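In what follows, a single structure is set out as structure tokens and then discussed.
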Amino acid sequence: MAKTLLIKNAQVLVTMDAQRREIAGGAVFIRGNVIEQVGASADLPQTADEVIDASGRLVMPGLVNTHHHMFQSLTRAVPGAQDAELFGWLTHLYPIWSGLTGEMVKVSTQTAMLELMLSGCTTSSDHLYLYPNDCRLDDSIEAAQQIGMRFHAARGSMSVGRSQGGLPPDSLVEDEAEILRDTQRLIETWHDPERHAMLRIVVAPCSPFSVSPDLMRESARLARSHGVSLHTHLAETAGDVAYSRERFNMTPAQYAEDAGWVGHDVWHAHCVKLDDHGIGLFGRTGTGVAHCPCSNMRLASGIAPVRRMLEAGVPVGLGVDGSASNDGAHMLGEARQAMLLQRVGSGPDAMTARQALEVATLGGAKVLGRDDIGALAPGMAADLVAFDLRRHNFAGALHDPVAALVFSAPAGADFSIINGRVVVRDGRCLTLDAGVLVERHNRLAAELVAGS
Ligand SMILES: [Zn+2]
């Protein structure tokens, strides 16, 4: 028999279920890796193999991160890339990243996942798009398995170097046939299409300015022949749009449509500059967007029209984006910034706290193509997090604890459960030694930057 786990007495249980119930004194009963019952503590079984008393905590579905480049956590706050816009920032960092090794990928992925996990995230995607030296996506996957995070590993790629009119140096690009071969190998080795899967593979050429239209089309064909999702960067900045117009004579949205990159199985990062035609197209086709407010502010890319996207039916999730353009990957903090930034662009009612939490949970799940995470309901994967409402952050804000979670300074997770397993307790990660990891990470970060 699978082990049972009962979380009871939550001060408030945010379900994100079909009725968006918020249950005072709520409880969740888990069997194995799946939620079996959700309701008031008095109405659920009173005991289980393990019982967690969640008094004083807000319990909610684990947050879903839809866009990241975890290797970049080795190059946070690098002098020289602190104050640049996207293309200048990339041009400064590419030579440093060319020293990346497999060990660095593995360690930086664990650090990034540790940071996400402690901020309430239980599922993340990661977009690894450069493979110098001995780097493999398998390094990221093994890191995720060790720390215990639900993972959508995106096999990124770059194939158009500077000599071909692209942005990256020629030394960092790969041969297109080799990219497709390796992507197929990864799908066949690792992809799990089953409900409650802990690991999925995503086909993810880096961006229109670093791969050819051919690779975009071939990638879409490969992904659809295996039933896996597609992910890339799109319409991030004005420079991005200008490149698309000059090189392809199309807007980014037209380019995406032309290459077969629209549909429920596709999500694009950023879309800060998605025009009205693009918003309509994405809404009609169910094409998803990973909104990355901190990164968009850090690089001064602009304010993504998220409110208009949501009104048009575009699936929108949140992404912290790579750690070199958002040096603090805090998922709850990202939800807060999403709410605040929409208000800067569209007024104080542009996004409520509850809408921000919905985008961070159900929205992210939809963008990743999943109906088994993002809500606490029977049959869903047992991914949930708790925040301690007795902390100073929330003092005086308990008139509405759910809104307080977003309005107040971002809290860390008090405990976290992923796939039915307790991975964070009392704000500490149980699956690896954070002190040892951070020391190793800092040593590798210094080596990487010194070696460039
Ligand atoms: Zn990105």
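The values are calculated or read from the model by the stated rules, or taken from the named source; none is laboratory data. Everything numeric here is computed off the predicted structure, so don't read it as measured data. Using ideal geometry, Cβ is built from the backbone for each residue, glycine included, and neighbour counts are taken over all protein chains shown. Please note that ligands, DNA and RNA were not included when accessible areas were found on the heavy atoms of the full protein model with its side chains. Shrake-Rupley method; radii C 1.70, N 1.55, O 1.52, S 1.80 Å.
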Before rounding to the nearest 500, sum -39500 (n - 2.57) across all DSSP H runs of length at least 4 in the chain and divide by the residue total; then give [θ] at 222 nm in deg cm²/dmol. -10500 deg cm²/dmol
Please say if the stretch 291-409 is rounded, prolate or oblate, where rounded means a/c under 1.5 for a ≥ b ≥ c the square roots of the C-alpha gyration tensor eigenvalues, and otherwise the choice is prolate for a/b larger than b/c and oblate otherwise? rounded
For Asp388, Asp214, write out the residues from largest to smallest accessible area, computed with a 1.4 angstrom probe and no ligands counted. Asp214, Asp388
Roughly how many percent of the accessible protein surface of the chain is carbon and sulfur, given a 1.4 Å probe and a whole-percent answer? 51 percent
Determine the percent antiparallel among the DSSP beta bridges restricted to the chain, to the nearest 5. 45 percent
If the cut-off is a Cα-Cα distance under 30 Å, which lysines reach Lys273, setting aside same-chain residues fewer than 8 apart in sequence? Lys366
Per-residue accessible area for Lys106 at 1.4 Å probe radius, Å² rounded to 10? 60 Å²
For Trp89, tell me the accessible area in Å² from a 1.4 Å probe, rounded to the nearest 10. 10 Å²
State in Å² the accessible area per residue of the stretch 1-134; use a 1.4 Å probe, count heavy atoms of protein chains only, and round to the nearest integer. 32 Å²
Projected convex hull area of the stretch 63-368, Cα atoms, direction-averaged, in nm², equals 13.6 nm²
Per residue, how large is the accessible surface of the stretch 328-450? Use a 1.4 angstrom probe and give square angstrom. 40 Å²
So, with points 7 Å from each Cα along the Cβ direction, the Asp371-Ala395 label distance in nm works out to 4.7 nm
With point charges of +1 on the Cβ of Lys and Arg and -1 on the Cβ of Asp and Glu, referenced to the Cα centre of the chain, which listed residue (Ala290, Pro79, Met16) lies farthest in the positive direction of the dipole? Met16
List Met158, Met380, ordered by accessible area with a 1.4 Å probe, largest first: Met380, Met158
Prolate/oblate/rounded call for the stretch 148-272, Cα gyration tensor, a/c under 1.5 rounded: prolate
Please give the length that would be gained between Gln19 and Val51 if that part of the chain were fully extended, namely 0.36 nm times their separation in residues minus their C-alpha to C-alpha distance (nm, one decimal). 8.9 nm
